[in-house]
Amino acid sequence: MKIVLLGPPGAGKGTQAKQISNDYNIPHISTGDMFRKNISEKTELGIKAKGYMDKGLLVPDELTIDIVKDRLSNEDCKNGFLLDGFPRTVKQAEALDSFLTEPIDTALLIEVPRDNILERMTGRRVCPKCGASYHIKFNPSKIEMKCDVCGSELIQRKDDSVETVAERLDVYYKQTEPLVEYYKSKNVLCTVDGTKDINIVFEDIKDVLGRN
Ligand code: AP5
Ligand code: MG
């Protein structure tokens, strides 16, 4: 199963991706997580990407497409994968189509209106080690500021400040939302309501994937 997850920042892509990846046994590939790993390791790519991410802007296509192409060539992607945060521009979507031998099965849009996003983002806490994502109100960790999965100290993402979230949302509506039409025209777009409780959203996703 080859799935692309679409949705604005804070829609719940990462949260749902962890569950989908476990249930369907396909790797969860997040370009945001890949960039954050490169930043923490201070690689050349990380240093370049950081400047864009801190401002809430997209990392240029030239730096993004190749890392995904390379990752998808790994053995664990042979039976499918779940892309979270890629593609994010029409150019990235066209590149993805060009390097896959078969088209993707489902582009899954998690819909959340702009008004709900800010509270989600400013209350988000993430694990820098394993990438698990929590929310102080909607999805708290069992022990305050400690990851349920690996016990690491949780942090707030640098790009989750009010100003950067506003910029990321503008970028999403300008550069990424056109992909909804792109995948609709290919008859692979499915939509779920991302404002419901996390577990209900996951049940809805399983329904949609079961039908496809
Ligand atoms: P990336 O890491 O992909 O960030 P994003 O798309 O902005 O999305 P987020 O990770 O912020 O949100 P999410 O949808 O995963 O939500 P989550 O599940 O965490 O990208 C970061 C940056 O990297 C970009 O700005 C860009 O610079 C760069 N980048 C990455 N990919 C790129 C690409 N392809 N091209 C160019 N640049 C790229 O949930 C959010 C919060 O809400 C959490 O606290 C969670 O607990 C809570 N929550 C989740 N679901 C629910 C629910 N149903 N109800 C209540 N709360 C919920
Ligand atoms: Mg995410």
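Tabulated data for the structure shown
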item: Whole-number accessible area per residue in Å² for the chain, which is evaluated in the context of all protein chains at 1.4 Å; result: 53 Å²
item: Apportionment of accessible area to carbon and sulfur, the range 29-83, percent (1.4 Å); result: 53 percent
item: In Hz, Karplus ³J(HN,Hα) per residue of the range 183-196 (6.51, -1.76, 1.60; θ = phi - 60°; x = Gly, Pro); result: 7, 4, 5, 9, 6, 10, 7, 10, 10, 10, 7, x, 8, 6
item: Value of [θ]222 nm, deg cm²/dmol, for the chain, DSSP H segments ≥ 4, -39500 (n - 2.57) each, nearest 500; result: -13500 deg cm²/dmol
item: P(r) of the range 82-212 over all Cα-Cα pairs, binned every 10 Å from zero, in whole percent; result: 11, 33, 37, 18, 1
item: Of K2/K174; K2/K158; K13/K78; K48/K142; K78/K142, those spanning more than 28 Å from alpha-carbon to alpha-carbon; result: K2/K158; K48/K142; K78/K142
item: ³J(HN,Hα), Karplus 6.51/-1.76/1.60, whole Hz, each residue of the range 76-81, x for Gly, Pro; result: 5, 9, 4, 9, x, 6
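The values are calculated or read from the model by the stated rules, or taken from the named source; none is laboratory data. Note that the coordinates shown come from a computational prediction; the quantities given were computed from them, not determined experimentally. SASA here: full protein model, heavy atoms, side chains in, ligands and nucleic acids out. Shrake-Rupley method; radii C 1.70, N 1.55, O 1.52, S 1.80 Å.
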